[in-house]
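Taken together, the values in this text are just the output of simple stated rules run on the coordinates, not laboratory data. None of the values given here were measured: they were computed from a predicted structure. Heads up, the Cβs are rebuilt from the backbone with ideal geometry, glycines too, and the neighbour counts pull from every protein chain shown.
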Amino acid sequence: MKVTDLWNKIPLVDQLRDYQPAWLKSDVGAGLSVAAVSLPTAIAYPVIAGLPIETGLFATIFSLVGYACFGPSRHLMVGPDTATCIMLGSILTTLGVMHAAEREPVALALTLAVGCLCFVAGALRLGFIANFLSRPILVGFLAGISISLIIGQIGRMTALKLAASSIVGSILELLGRLDEIHWLTFLIGAGTLVVLRLVRAWRPALPTPLFAIAVCIGLSAVFDFQAQGVAVLSPLPAISFHLAAPALSSAVNLDFLGGALAITLVSFASGIVTARSFAMKRHRDVDADQELVGFGAANIVSGAFGGFPVTASDSRSAVNFAIGGKTQVTALVAASSFAIAVVYVSGALTYLPLATLGAILISAAIDLIDLHEFRVLLRLSRAEFCFAVITTLTVLAVGVLQGVFISITATLAHLLWIASRPRIALLGRIAGSPGLYKLHRYAEARAIPGMTIVVLEAPLVFFNADFVKHRLLKIARALRPEDKWFVLDAAAVNMLDSTGVGKLEEIRVSLAERGVAFGIADLNSGAKRIVDRAGLSKGLGEAMIFPSAEAAAAVFEARE
């Protein structure tokens, strides 16, 4: 492939090719706004994973550039994300990396691994994997990590160093040490949180966290909060932009690779939900596989320059949408203006109270607890509501990584249990009405004299074949003495395997011993091939294979 062909496949080049000068004003305005709302999360989110503040700055700047070049969406913005940061912190702890100095190189290696996995998954067209994180799991997962994050800010909001590691233990320890709370720290954090929530309810589009940081820095500088015992942000090192060296030796660890896979799965699932939401607002489709490539580029560039894993950001994308950004030039403007601001205002950040960061994180966590979604799940399906609650509790009880895998396993087990016990219904006639009707649904429907028709509403494969066989034979044992035909309506049997066709043969033999002919109606082409190759067609006879259940009923009624 020619270099020019590769160049033309870069999404940003395609956007610039048809760029209109009138768009520049919107892109620049949206870019400056995105940079403004990115500052609070860039400062606060690294704290979640126990990483230096500058890693959040690097992740914010360089991920925007990576996705701008290779991401398929013209409007999606990427950056640090609460769920991804909590997952990263949990995995670093699981790997036994406890000290901040050790965490940074391992986090960089994880970020590069996540980027590579995204590229590989996109190339293999594995975007469908995100579908395994169902709506209940996502709702429960976000609620669980949000509660965990809120509890984790107790120390910053009260200036207490809690010894307990569990959530319940932390709460009990806090209640037993109320007299040790540093009340000025608590008032700063609580006041910031109240203002954030009130303004959020009043004007959700305002970059309130940014204003809160600016006000608290000003108050801290004027009243010297640090001298009064309030913990403030440590001085940032001199910011320089250069390639970073990750701890690549960690990649040989299976736990490391499992952690990278978990971050990839969760961040992509979270990101694709955001991508679909904003694409829907602009009446566009989302290519999940191409989004994987875009997220891969964002993570590789982030890790290469000292950042951590990122994904699509709903807050930054919402600002871009509201201001009217037209292309990924918005992201390039946001990255460059953010970098300039970091270089020239980083000194002022040393006045920022840690309680303010805690309040910003708590506010962000509250927004992730979607009580409305829990109510919707309860109304639609109690089983799905239970899975959301189970996910929340497992994340809180055993950790983020283990909680996600337990929830996925439980959901898949539930689906297999449902599929292993498919619905089977009896069909009959309604006097004066054409067609066939389910006997249990229509009281006026009656079975056709001398004939039993059953419909199987599921595939017939190895994990449900025994159940189907026993259920059909139970129906057969209750046949009337005058019944001569037993017909299976296979219209909904979209899959048939060797186990399933073997059970159908056993049913045919059992019915034949009772003097009842077994027939099958409406087999699809794939199932028909399996039936022919297994020899079941010969056992049934071509006369007992029908194009539809209605056709089988018509043939029987004509004969009788």
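For Phe241, no residue has an amide H sitting under 5 Å from its own, ignoring neighbours fewer than 5 places away on the same chain, with H placed 1.01 Å from N.
Remark: relative contact order (the chain) = 22 percent; criterion is Cα-Cα distance under 8 angstrom and separation of 6 or more residues.
Between the stretch 456-508 and the stretch 8-40, the alpha-carbon centres lie 60 Å apart.
Between amide H atoms placed 1.01 Å from N, distances below 5 Å from Phe305 occur with Ala244, all of them 5 or more places distant or on a separate chain.
Can you give me the angle between helix 288-304 and the longest principal axis of the chain, using Cα atoms only, in degrees from 0 to 90, rounded to the nearest 10? Rounded to the nearest ten degrees, it is 30.
The relative contact order of the stretch 60-160, computed from alpha carbon pairs under 8 Å that lie at least 6 residues apart in sequence, is 21 percent. From the coordinates of this entry, volume of the Cα convex hull per residue in Å³ is computed, and it appears in [x] 333; [y] 149; [z] 220 under the label [z]. Among 336-347, 481-492, sorting by the average number of other beta carbon atoms lying within 10 angstrom of each residue, highest first, gives 481-492, 336-347.
For the chain, the longest principal axis of the C-alpha atoms and the axis of helix 498-513 are separated by about 30°. Residue order for Arg477, Arg284, fewest other beta carbons within 10 angstrom first, comes to Arg477, Arg284.
Database remark: amide H of Val232 closer than 5 angstrom to the amide H of Leu354 (H placed geometrically; neighbours at sequence offset of 5 or more, or on other chains; Pro and chain starts carry no H). Shape class for the stretch 1-102, computed from the alpha carbon gyration tensor (a ≥ b ≥ c): oblate, with a/c not under 1.5 and a/b at or below b/c. Each stretch of four or more DSSP H residues adds -39500 (n - 2.57); spread over every residue of the chain, this sum gives -20500 deg cm²/dmol at 222 nm. The modelled label-to-label distance between Arg480 and Thr350, using points 7 Å beyond Cα along the C-beta direction, is 9.4 nm. Please give the helix 208-223 orientation as an angle from the longest Cα principal axis of the chain, in degrees from 0 to 90, rounded to the nearest 10. Roughly 30 degrees, rounded to the nearest 10.
Based on DSSP, what percent of beta bridges with both residues in the chain are antiparallel, to the nearest 5? Each step should come with its number before you reach the end.
Working: 11 of 24 bridges.
Bridges in the chain are about 45 percent antiparallel.
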